[in-house]
Amino acid sequence: MTVFATLDSPLGELLLVGEESRTAPGGIALVSLSVPGQKGGAVVREEWRHAPELFGAVAAQLKAYFAGELTRFEVTYADGVGTEFQRRVWSAVDGIPYGETTSYGKLAESIGASRAAVRAVGTAIGRNPLLVVRPCHRVVGADGSLTGYAGGLERKQLLLDLECGPLA
């Protein structure tokens, strides 16, 4: 069964969507975390059950992150989301340390993709269904500029400022 909850944050009201799971800690595997107006973001469906009590652990981690007290999320993601290529890219994104950034080209190189595949890597990052907890905001242009973020560049800037301090 698909369940959801909302959480106020500095990015606006977050929508958390999950699947009940017997094996995931807390009984929930996260399917999506989206922000208002997000390109491709989740929209609550009638058949989903509102179950904020199932998202307590995720909500606590998000609050700690936004308070500057958490640098790494411990969240179980739902299986089977995305293509094989997207999952490879997302796994590489998960490995970008807190407070650091990398470029799309370096990320492509880290997964063994060619320079020609940088656009495909960018597309996969743009389809990341788990904003904030899967840190796609840490991927920037080759010159360090902010480029592409499904939640909007102002939110990407806010997240990077939180983690790295204001960028020059």
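Within region 108-129, being open to solvent by 50 Å² or more (accessible area, probe 1.4 Å), modelled with pLDDT of 90 or more, farther than 22 Å from GLY40 by Cα and not in a helix (DSSP H, G or I) holds for one residue alone: GLY112.
One line per residue, one yes/no per condition, for (1) surrounded by 18 or more Cβ atoms within 10 Å (Cβ to Cβ); (2) modelled with pLDDT of 95 or more:
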| position | (1), (2) |
| --- | --- |
| MET1 | no, no |
| PRO10 | no, yes |
| LEU15 | yes, yes |
| PRO25 | no, no |
| ILE28 | yes, no |
| LEU33 | yes, yes |
| VAL44 | no, no |
| GLU84 | no, no |
| ALA92 | yes, yes |
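Screening GLU19 against (1) in a loop (DSSP other than H, G, I, E, B); (2) open to solvent by 60 Å² or more (accessible area, probe 1.4 Å) leaves a single unmet condition, (1). Taking every residue in region 119-140 that is within 21 Å of LEU7 (Cβ to Cβ) and pairing it with any residue that is assigned to a helix (DSSP H, G or I) and β-branched (Val, Ile, Thr), at least 6 positions away or on another chain, the pairs with Cβ-Cβ distances below 6 Å are ARG134/VAL93; CYS136/VAL93; CYS136/ILE125. Among the residues in region 64-75, are any in a helix (DSSP H, G or I), within 15 Å of the chain's Cα centre (by Cα) and either surrounded by 15 or more Cβ atoms within 10 Å (Cβ to Cβ) or of a type outside the set (A, V, I, L, M, F, W, C) (or both)? Within region 64-75, one or more residues are in a helix (DSSP H, G or I), within 15 Å of the chain's Cα centre (by Cα) and either surrounded by 15 or more Cβ atoms within 10 Å (Cβ to Cβ) or of a type outside the set (A, V, I, L, M, F, W, C) (or both). Quick check on SER91: is it without any contact (Cβ under 8 Å) to a residue 40 or more places away in the chain and assigned to a loop (DSSP other than H, G, I, E, B)? Against the criterion (without any contact (Cβ under 8 Å) to a residue 40 or more places away in the chain and assigned to a loop (DSSP other than H, G, I, E, B)), SER91 does not qualify. Have a look at GLY56, GLY41, GLY80 and point out the one that is over 15 Å from the mean Cα position of the chain (by Cα) and assigned to a loop (DSSP other than H, G, I, E, B). Just one listed residue meets the conditions, GLY80.
The values are calculated or read from the model by the stated rules, or taken from the named source; none is laboratory data. No experiment lies behind these values; they were computed from the predicted model shown. Here Cβ is always computed from backbone atoms with ideal geometry, including for glycine, and neighbour counts include all displayed protein chains. Areas reflect the complete protein model, heavy atoms only, side chains present, ligands, DNA and RNA absent. Shrake-Rupley method; radii C 1.70, N 1.55, O 1.52, S 1.80 Å.
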